[in-house]
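This report concerns only the one structure given below.
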């Protein structure tokens, strides 16, 4: 049976997670179905069974991909020992899924031991450590809790309030959705242009994600041109952001054929840099945290999460 802690090196962890995401993107490329698309159900966001906290960053994407590939209906996960503590048993032969936790080391203490106190580097350093988790569908002796579904009208109203609280200038007209840095505004087609309200808010969150990169907000580099690695990374980041927040708001995220032009560039970036998806997911989580912090009652969203 696989143990809770993964013995792989950080490099192995980056490669495994990236390979999993690449495989998920390639598998869905034919119908534009990416690993971050979901149905918006109350169990969409991966949650740790022991802490009841949502996973964060790249772990959300990694567990979404694993759940989609295996057909798991619920997003409740735990290590072998965590399931044991609940008197639940991982079934024999089940394979676990990798999640990443970030640990901090004190570089000054390590350098002092080796007589290297003068290194001009940060005092603390993050490194990745892998753990193996199992979905609740892989264990016996556990029944997922019933999760009531909010009525659609209530979900849409909540999404409207959420986006309005961001304080971003949103204008309507035309047939294209985009963020224009020079005027610091999001342009959206009229509401009736979209298939339904959920599609409208998924796109609006995507564009507001771009707007979060303005210098007076989160200060990302938005100068990348179409076809460049920087442009591909920004698009991937805000796609993940939209999926994360839609999951929080119980809104579905469905495949969009207009994203076909991005798929090849996303794959190229991920293949060339094993840490790219970690960076994109981390930035997406930062934007999601910023958006939730703008809400009138930030207590409704715990931004600490499981990992």
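Observations on the structure shown:
- Cβ-Cβ FRET estimate between residue 171 and residue 254, R0 fixed at 22 Å, reported to 0.05: 0.30
- Segment residue 85-residue 190, length gained on full extension (0.36 nm per residue, minus Cα span): 32.6 nm
- When peptides 202-214, 152-164 are sorted by average Cβ neighbour count within 10 Å, with the highest value leading, the order is 202-214, 152-164.
- Highest-first arrangement of 285-297, 138-150, where packing means the average Cβ count within 10 Å: 285-297, 138-150
- Stretchable slack from residue 51 to residue 216, in nm (0.36 nm times residue separation minus alpha-carbon distance): 55.9 nm
- Using every pair of separate Cα atoms, the Kirkwood estimate puts the hydrodynamic radius of the stretch 152-300 at 15.8 angstrom.
Read the figures in this text as sums done on the coordinates, not as results from a lab. Values in this document were obtained by computation on a predicted structure and should not be read as measured data. When we count neighbours, we look across all protein chains shown, and the Cβ atoms used for this are built from the backbone with ideal geometry, even at glycine.
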